[in-house]
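S.K.: Got a structure for you, questions after.
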Amino acid sequence: MPSVYIKTYGCQMNERDSEAVAAQLVAKGYTLAGSEATADVILLNTCSVRDFAEQKALRKMENVAAEIRRHRPNTVLGFMGCMAQSRGGELIDRLPDVDLVVGTQKFHRTAEYLDDIMSGRRDKVVEVAEEAGSEAAIREHLLAGNSRKSVTAFVSIMQGCNQHCTFCIVPHTRGQERSRAIADITAECRELVSTGVKEITLLGQIVTSYGRRGFSRAGGTLGDKSPFVQLLEAVHEVEGLERIRFTSPHPKGYGDDLVEAYGRLPKLCESAHLPVQSGSDRVLKLMHRGYTRSRYLGIIEQLRRVHPRMGISTDIIVGFPGETEADFERTLSLAREVEFDQAYIFKYSQRRDTPAAGMPDQISREIREERNQRLLEVINGIAKRKYAAFAGSQVQILVEGPSKKNPARLMGRTRCNKIVLFEGSDRHRGQIMDVKITRAGSFTLYGDPAILNLDNLVEEERHETIRAVDKMR
Ligand code: SAH
Ligand code: F3S
């Protein structure tokens, strides 16, 4: 059987989609190639959020195609994901060696298309139409006895976005919001847990809109509970699951019921990724975000009232059309006020067919770069202080496996989503354990479970002595 190599660009949804496609192909008998150099099928799962991401995938395909043409002309080349969806057949016009273009609602048919190409039934395949029910088709995981012993997993709960932020191409590449049924999602979670998964991240472009179409709001003591909170409760019931996260919510749909869920559902980790995009009300309005700076700050305050050490991360765009120095300073001051644990900064990128692309006062590259640097300094300074404050404290981590950068070390995550590295062995994988933080690096903490054991031992001995003294009295 042929082997396949999938390279993924962009967000966690893309990672999840790639994994589902790989699992479907493996189920059909494909093997997974370790690199593109040996693969019979090479697929690039692409991102369109910024021009930079598109250019990167295009350059990669150009290089792969040049190599393939010389040495392995029968290799099948394909694009999947957001750029495949938005550019379609144009990609083959530009790169004639490409055989396959699979849109975002057609992932689950990839095996079929490959079969058509390899059997010679079709020469080129471009499939980017909408397909009803495709949101429920991304459910396979590379389980096969969970040979990689994944401790964490992503579960896609919805596809698409109807918010139409004026800068964003996602509503165009991912289509209208479509949500999977709660029972379908919990069944997938249960299956994952049965293979050893302990932590699940629920994924969607705008999870706070989950089930807004076609679900009823539950009444009862909590007033009206949104479908997303109903989903969280249902997933919380999955036995054996230890931790739940989700990404991304939208501030507009961040109701009191969701804030309250953090205090009520112990499996829901104390971390929130809440994209703010800008600290200026004027820019937020131009972006069509649907909230104000003060509403955003209000949500953060509510969350911290529930969990004072809640880990909070965000996305921010610098250089949106018309953003003045004063607007940008509002963003700087918001970053200082919130003290984000982590922030992903994006230089505004003009995307085709989005309203912002046609707005006046596009900001020059130099100013975008300069604002990016200034914001980065503020964000990094705050994060450094916040991470350093962890030194000496005790945290609970879920051990995910060897660190990617240094496989001699193990990597775990705290409930508030900080990465902790420590010396350990594979037997720790999948364990929830307490570690003492010895020092902080850049967006990383270093821990030592042994010190904690020692501390506990000393503590226990102290109690023993006290007890012994008590007995002697
Ligand atoms: N709601 C989605 C957003 C997907 S895009 C989610 O959070 O999962 C991810 C981030 O990319 C956005 O939050 C935004 O900060 C950034 N982004 C989107 N379009 C952009 C553009 N045209 N230029 C620069 N950054 C952009
Ligand atoms: Fe994009 Fe805004 Fe939706 S950022 S994914 S249009 S919430």
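The values are calculated or read from the model by the stated rules, or taken from the named source; none is laboratory data. On a predicted model such as this, the values are computed, not experimentally measured, just so you know. All Cβ positions, even for glycine, are placed from backbone atoms using ideal geometry, and neighbour counts span all protein chains on display. Just so you know, the surface numbers come from the protein's heavy atoms only, side chains and all, with ligands and any DNA or RNA stripped out. Shrake-Rupley method; radii C 1.70, N 1.55, O 1.52, S 1.80 Å.
S.K.: At R0 = 56 Å, how high is the FRET efficiency between residue 374 and residue 90 if r is their beta carbon distance? Nearest 0.05 is fine.
M.R.: 0.90
S.K.: Carbon and sulfur: what percent of the chain's accessible surface (1.4 Å probe)?
M.R.: So the carbon and sulfur contribution to the accessible surface is 50 percent.
S.K.: Continuing with the same structure: Please give the contour-minus-distance gain from residue 149 to residue 365: 0.36 nm per residue of separation, less the Cα-Cα distance, rounded to one decimal in nm.
M.R.: Additional length available on full extension: 73.3 nm.
S.K.: Which listed residue (37, 83, 110) has the Cα farthest towards the positive end of the charge dipole for region 25-132, taking +1 on Lys and Arg C-beta and -1 on Asp and Glu C-beta about the Cα centre?
M.R.: 37
S.K.: Quote the accessible area belonging to residue 224 in square angstrom, nearest 10, computed with a 1.4 Å probe and with ligands, DNA and RNA left uncounted.
M.R.: 90 Å²
S.K.: Near residue 283, within a Cβ-to-Cβ distance under 11 Å, what is the net charge of the other residues, with Lys and Arg +1 and Asp and Glu -1?
M.R.: Charge balance near residue 283 sits at +2.
S.K.: Same structure again: Quick check: net charge around residue 38, other residues with Cβ under 15 Å of its Cβ, Lys/Arg +1 and Asp/Glu -1?
M.R.: After counting each charged neighbour, the total is -1.
S.K.: Report, to two decimal places, the Cα Rg of region 1-81 normalised by 2.2 N^0.38 Å (N = number of residues).
M.R.: 1.08
S.K.: For region 1-135, how big is the tail of P(r) above 17 Å, as a whole percent of Cα pairs?
M.R.: Cα-Cα pairs of region 1-135 separated by over 17 Å account for 55 percent.
S.K.: Residue 75: net charge of surrounding residues, Cβ under 12 Å, Lys/Arg +1, Asp/Glu -1, itself excluded?
M.R.: In short, -2.
S.K.: Using all Cα-Cα distances in the chain, what percent lands in each 20 angstrom bin from 0 up to the longest?
M.R.: That works out to 21, 54, 22, 3, 0, in percent per bin.
S.K.: Just for the chain, what percent of DSSP beta bridges are antiparallel, to the closest 5?
M.R.: About 35 percent, rounded to the nearest 5.
S.K.: Can you list residues from other chains, or at least 5 along the same chain, whose modelled amide H is less than 5 Å from the amide H of residue 318?
M.R.: 346, 347, 348
S.K.: Quick one: length gained pulling residue 260 to residue 329 fully straight, 0.36 nm per residue minus the C-alpha distance?
M.R.: Length gained, residue 260 through residue 329: 21.6 nm.
S.K.: So the label point goes 7 Å from the Cα of residue 234 along Cα→C-beta, right? Which residues of region 262-291 then have their backbone N under 19 Å from it?
M.R.: 262, 265-268
S.K.: With a Cα-only, solvent-free Debye model of region 287-406, what are the log10 I(q)/I(0) values at q = 0.09, 0.11, 0.21 Å⁻¹?
M.R.: -0.34, -0.50, -1.26
S.K.: Please state the charge dipole magnitude for the chain, taken about the Cα centre, from unit charges on C-beta atoms (+1 on K and R, -1 on D and E), reported in debye and rounded to the nearest 20.
M.R.: In debye, rounded to 20, the chain gives about 540.
S.K.: Let me ask something else. Where does each of 40, 353 land when they are ordered by accessible area, with a 1.4 Å probe and the largest first?
M.R.: The ordering from most to least exposed comes out as 353, 40.
S.K.: Here's a follow-up. With a point put 7 Å past each Cα toward its Cβ, work out how far residue 304 is from residue 394 in nm, to one decimal.
M.R.: Going from the residue 304 label point to the residue 394 one covers 2.6 nm.
S.K.: Rounded to the nearest whole Å², what accessible area per residue is found for region 1-86 with the 1.4 Å probe?
M.R.: 42 Å²
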